[in-house]
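The values are calculated or read from the model by the stated rules, or taken from the named source; none is laboratory data. The model shown is predicted, which means the values in this text are computed figures rather than measured ones. Cβ atoms come from the backbone with ideal geometry, glycine included; neighbour counts cover every protein chain shown.
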Amino acid sequence: MPAERRPPTLQSHDVIGLVKPAVDAHTLGLATVASLLSECGYRTVEAETAVNSLLDAPMRAESADQIEEWIRSERITRLGMSYRLDPDAALEKLERLLWALSVRGLLAEQGGPIAAVYFAGLPEACTKVRDRHAGLVTALSGDASDQETLVALGVPAARIPSRIRETAVYDEARLAFGRDLIRRGLHHEVTPPERPSYPAYGAAADTLEARLRDAMDRKTLPLMRAHVGPYSDRREEAIARMLDWCRMLAASGYLDVLSLGTSQLTQSHFGQDWTGLANGGGVPVRTPEEYRALREAARPMLVRTYSGTRNVPAMARIHEEHVEIAWHALSLWWFCQLDGRGPNDLLTNLREHFEAMRYIARTGKPFEPNVPHHFMFRGADDVTYVVSAVLAARAAAACGIQRMVLQTMLNTPRRTSGIADLARVRAILSLLRSPQLAARCPQQVWLQPRAGLDYFSPDLDLARVQLAASTALMDDIEPANDASPQIVHVVSYCEAVSLATPPEVDESIRITRAALREYRRLRRAGDADDMGAHADVRRRTNELIADAQVVLQAIEDSVPDPYTPDGFYRIYQAGFLPTPDLWHCRDEFPHAIARRTAMVDGQMVVVDHDGAPIPAAVRAQEAAEEARKIGGSPDVIRLSVGPTGC
């Protein structure tokens with residue numbers, strides 16, 4: 001096999017054309033590369049649908065003509081193609097493009113304008129491309145950092161923005177730490193902590209607070225939580241397998257909190273006849289008896305699970321009575337028509353969620369707002385990440401909830417720098433804990449970070465390294481406090497490839513505990529940077545706090561009764577929480593999708609049409625004006641608009 005081609009260095013005049021077969025709906029990869037190259041000062045051109053569609057069918061002379069016309073009219077000198085679906089189809093579609101370039105003499109070696117061809121796709125597809133076209137095409141599987149990606153594209157070091165070079169130092173140091181930890185096998189030395197001995201341990205009266213207090217006393221924090229759920233298209237088989245998994249995880253002793261990964265039908269049609277309904281992924285729990293059996297099999301672990309997507313208060317009661325749920329999690333704006341995850345319209349969803357929060361307050365159980373990362377999934381910016389968490393906390397306190405589990409998903413979007421991640425979480429903690437504002441939030445806040453859903457590589461060796469690196473990031477949130485984080489939501493290293501089985505969950509926990517122990521040892525020895533005093537993290541944290549306070553104050557000044565279902569509906573409707581990548585209900589919420597966001601200096605920001613960041617005060621003022629214009633009852637407003645976008 002020929003060596004993979006190293007593309008010639010990009011010059012100032014180079015224009016990079018980006019194509020994607022129309023059948024592939026994935027666009028994030030192209031958008032990421034375009035954004036990175038734009039930051040480096042290069043012009044990119046994304047092909048229109050007519051050009052992209054040519055790659056989905058056998059090439060003809062007319063197809064090659066259209067591709068040549070596009071390349072020459074846009075003065076394209078480099079060409080990149082992205083395809084994230086079937087690897088065999090990826091190779092076939094790339095070869096159609098290469099045929100068109102060759103038959104029209106467009107490659108530089110033929111005297112044409114195209115000096116380099118890039119391909120981005122799944123690892124298996126990249127392997128196939130390298131095997132067949134290593135001398136012509138540079139293949140990128142998406143595992144690389146921003147800096148590594150730019151170098152692979154031929155960007156000279158001098159043109160890579162300083163923020164990428166500087167943040168890469170921290171991010172690369174954590175990856176190097178992870179590589180060393182896995183190479184040395186330190187995770188193989190981890191054993192389960194000694195089991196607690198307090199009287200209620202594992203019994204119906206056991207609580208998260210008691211488990212945390214015991215772990216604090218015995219210095220075994222953080223508690224380990226993992227989300228687990230096998231899949232089978234036969235319901236009884238899936239339940240039986242989950243019972244086995246519960247027993248295995250309980251026996252091994254690594255996992256403290258089992259999060260039951262229930263199915264979509266469990267969340268929307270619990271207790272009903274499922275005949276003819278598609279189950280989807282997850283454990284298809286349908287009856288209280290099945291919940292109770294799973295709970296018994298899981299002892300002495302604590303157990304929690306998803307909320308419902310309809311009849312939310314009733315499902316919260318079921319989880320109390322039959323799961324002995326350790327804490328409740330609600331998504332407020334999400335898991336409804338807004339994201340296609342549930343049947344409720346947004347206003348109905350919010351009303352059910354607020355009723356459920358009032359019920360949770362009566363139980364005395366903690367509450368987890370499963371909120372900020374859902375905004376980030378839909379293109380929100382870092383200020384919205386912070387603001388949505390604070391809004392959820394204040395709403396919980398208004399409903400009487402006094403204990404909160406703060407889940408923060410790191411590495412979301414995947415290109416977020418570690419420095420920006422630290423700033424986001426520290427800003428939320430500061431706003432929830434500050435003496436001036438704490439009275440409006442739950443009295444007790446327990447931190448529960450987790451790695452991002454799309455962070456891990458399909459290469460399982462690299463994914464183990466990434467898990468250790470992400471764990472180091474979690475520890476850098478409050479590096480001076482060995483009791484923080486209190487809980488870690490362990491995302492298993494294999495989840496980019498397959499659902500995690502109990503052995504993989506246990507291995508992931510061992511990696512997490514080994515990383516925490518070793519990283520803290522290195523910090524104490526001065527061999528790892530103390531990020532508590534990092535100037536850039538402090539600056540970004542303070543900026544996020546100030547911007548979030550501006551938005552929060554504008555909300556309270558313009559939205560009547562903001563910490564109510566109607567208030568939360570108006571907040572979203574007015575555009576205080578921008579989600580430009582929302583797929584559903586776009587007609588109902590034009591102001592929520594009106595803003596553009598982009599990655600700038602490793603963080604997501606709201607930008608204008610020229611890509612310049614928009615100050616928080618400006619966007620907050622505009623949203624406040626919309627909120628004042630809206631007027632009337634949300635019921636009347638919603639009915640007048642109609643659910644046409646849903």
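Any residue at all in region 158-167 that is within 22 Å of Ala528 (Cα to Cα) and in contact with a strand residue (DSSP E or B) (Cβ under 9 Å, 6 or more places away or on another chain)? Within region 158-167, one or more residues are within 22 Å of Ala528 (Cα to Cα) and in contact with a strand residue (DSSP E or B) (Cβ under 9 Å, 6 or more places away or on another chain). In region 468-496, of all residues being closer than 17 Å to Ile419 by Cα and within 17 Å of the chain's Cα centre (by Cα), the one that is surrounded by the fewest Cβ atoms within 10 Å (Cβ to Cβ) corresponds to Leu473.
Would you mind finding the one in Thr262, Thr287, Thr275 that is touching a residue at least 24 places away in the same chain (Cβ under 8 Å), among the polar types (S, T, N, Q) and on the phi < 0 side of the Ramachandran plot?
On the way: Thr287 fails: touching a residue at least 24 places away in the same chain (Cβ under 8 Å); Thr275 fails: touching a residue at least 24 places away in the same chain (Cβ under 8 Å).
That would be Thr262, the only listed residue that is touching a residue at least 24 places away in the same chain (Cβ under 8 Å), among the polar types (S, T, N, Q) and on the phi < 0 side of the Ramachandran plot.
The condition (being in a helix (DSSP H, G or I), aliphatic (A, V, I, L, M) and either at pLDDT 95 or above or surrounded by fewer than 22 Cβ atoms within 10 Å (Cβ to Cβ) (or both)) is satisfied by just one residue among Leu499, Leu516: Leu516. Tallying residues that are at pLDDT 85 or above, surrounded by 16 or more Cβ atoms within 10 Å (Cβ to Cβ) and not in a strand (DSSP E or B) within region 104-148 yields 13.
Restricting to region 398-426, name every residue that is among the hydrophobic types (A, V, I, L, M, F, W, C) and free of Cβ contacts under 8 Å to residues at least 60 places away in the same chain. Talk me through it step by step, then tell me what you get.
So the first thing to find is which residues in region 398-426 are among the hydrophobic types (A, V, I, L, M, F, W, C), and the list is 398-399, 401, 404-406, 409-410, 419-420, 422-423, 425.
Listed by number, the residues that qualify are Cys399, Ile401, Met404, Leu406, Met409, Val425.
Looking for whichever is under 30 Å from Ser417 (Cα atoms) and either of a type outside the set (Val, Ile, Thr) or outside the structural domain of Leu36 (by TED's automatic domain parsing) (or both) here; the options are Arg132, Arg213, Arg165. Which one fits? Criteria check complete, one pass: Arg165. Each residue in region 565-614 was checked for being without any contact (Cβ under 8 Å) to a residue 24 or more places away in the chain and either crowded, with 24+ Cβ neighbours inside 10 Å or on the phi > 0 side of the Ramachandran plot (or both), and 1 pass.
Would you mind finding the one in Glu290, Glu320 that is within 26 Å of Ala203 (Cα to Cα) and touching a Lys or Arg at 6+ places or on another chain (Cβ under 8 Å)? Let's see the steps before the verdict.
Values: Glu290 fails: touching a Lys or Arg at 6+ places or on another chain (Cβ under 8 Å).
Result: Glu320 is the single residue among Glu290, Glu320 that is within 26 Å of Ala203 (Cα to Cα) and touching a Lys or Arg at 6+ places or on another chain (Cβ under 8 Å).
Please work out if Arg75 is assigned by TED's automatic domain parsing to the domain that holds Ser141, in contact with a strand residue (DSSP E or B) (Cβ under 9 Å, 6 or more places away or on another chain) and at positive phi. Show your work before the answer.
Details: assigned by TED's automatic domain parsing to the domain that holds Ser141: yes; in contact with a strand residue (DSSP E or B) (Cβ under 9 Å, 6 or more places away or on another chain): yes; at positive phi: yes.
When the stated conditions are applied, Arg75 passes them.
Is it the case that region 499-509 has a residue that's in contact (Cβ under 8 Å) with a residue 12 or more places away in the chain, under 18 Å from Leu473 (Cβ atoms) and small (Gly, Ala, Ser)? Yes, region 499-509 contains at least one residue that is in contact (Cβ under 8 Å) with a residue 12 or more places away in the chain, under 18 Å from Leu473 (Cβ atoms) and small (Gly, Ala, Ser). Among residues of region 190-211 being of a type in the set (A, V, I, L, M) and assigned to a loop (DSSP other than H, G, I, E, B), the one that is farthest from Phe367 (Cα to Cα) is Val190. When Leu249 is tested against (1) hydrophobic (A, V, I, L, M, F, W, C); (2) without any contact (Cβ under 8 Å) to a residue 40 or more places away in the chain; (3) under 30 Å from Thr363 (Cβ atoms), only condition (2) is not met. Scanning region 216-239 for residues that are surrounded by 13 or more Cβ atoms within 10 Å (Cβ to Cβ) and without any contact (Cβ under 8 Å) to a residue 60 or more places away in the chain yields Thr220, Ser232, Arg235, Glu237, Ala238, Ile239.
Could you look through region 403-451, keep only residues that are of a type in the set (D, E, K, R) and within 16 Å of the chain's Cα centre (by Cα), and pick out the one that is surrounded by the fewest Cβ atoms within 10 Å (Cβ to Cβ)?
Keep residues of region 403-451 that are of a type in the set (D, E, K, R), which gives 403, 414-415, 421, 424, 426, 433, 440, 450.
From what is left, the residues that are within 16 Å of the chain's Cα centre (by Cα) are 414-415, 421, 424, 450.
Values: Arg414: 15, Arg415: 19, Asp421: 29, Arg424: 28, Arg450: 24.
My answer is Arg414.
Here are Arg538, Arg570, Arg510: which of them is of a type in the set (Lys, Arg) and either under 22 Å from Val425 (Cα atoms) or assigned to a loop (DSSP other than H, G, I, E, B) (or both)?
Working: Arg570 fails: either under 22 Å from Val425 (Cα atoms) or assigned to a loop (DSSP other than H, G, I, E, B) (or both); Arg510 fails: either under 22 Å from Val425 (Cα atoms) or assigned to a loop (DSSP other than H, G, I, E, B) (or both).
Among Arg538, Arg570, Arg510, only Arg538 is of a type in the set (Lys, Arg) and either under 22 Å from Val425 (Cα atoms) or assigned to a loop (DSSP other than H, G, I, E, B) (or both).
Counting only residues that are at pLDDT below 85 and outside any loop (DSSP other than H, G, I, E, B), how many does region 595-646 have? Can you show your working first?
Initial filter on region 595-646 (at pLDDT below 85): 598-602, 609-612, 630-646.
Filter once more, keeping what is outside any loop (DSSP other than H, G, I, E, B): 598-600, 630, 634-641.
Count: 12.
Would you be able to say whether some residue in region 153-174 is surrounded by fewer than 17 Cβ atoms within 10 Å (Cβ to Cβ) and among the aromatic types (Phe, Trp, Tyr)? Scanning region 153-174, I find no residue that is surrounded by fewer than 17 Cβ atoms within 10 Å (Cβ to Cβ) and among the aromatic types (Phe, Trp, Tyr), so the answer is no.
Right, Pro560: surrounded by fewer than 17 Cβ atoms within 10 Å (Cβ to Cβ) and under 23 Å from Ala393 (Cβ atoms) or not? So that I can check it myself, show each step before the final result.
Numbers: surrounded by fewer than 17 Cβ atoms within 10 Å (Cβ to Cβ): yes; under 23 Å from Ala393 (Cβ atoms): yes.
Against the criterion (surrounded by fewer than 17 Cβ atoms within 10 Å (Cβ to Cβ) and under 23 Å from Ala393 (Cβ atoms)), Pro560 qualifies.
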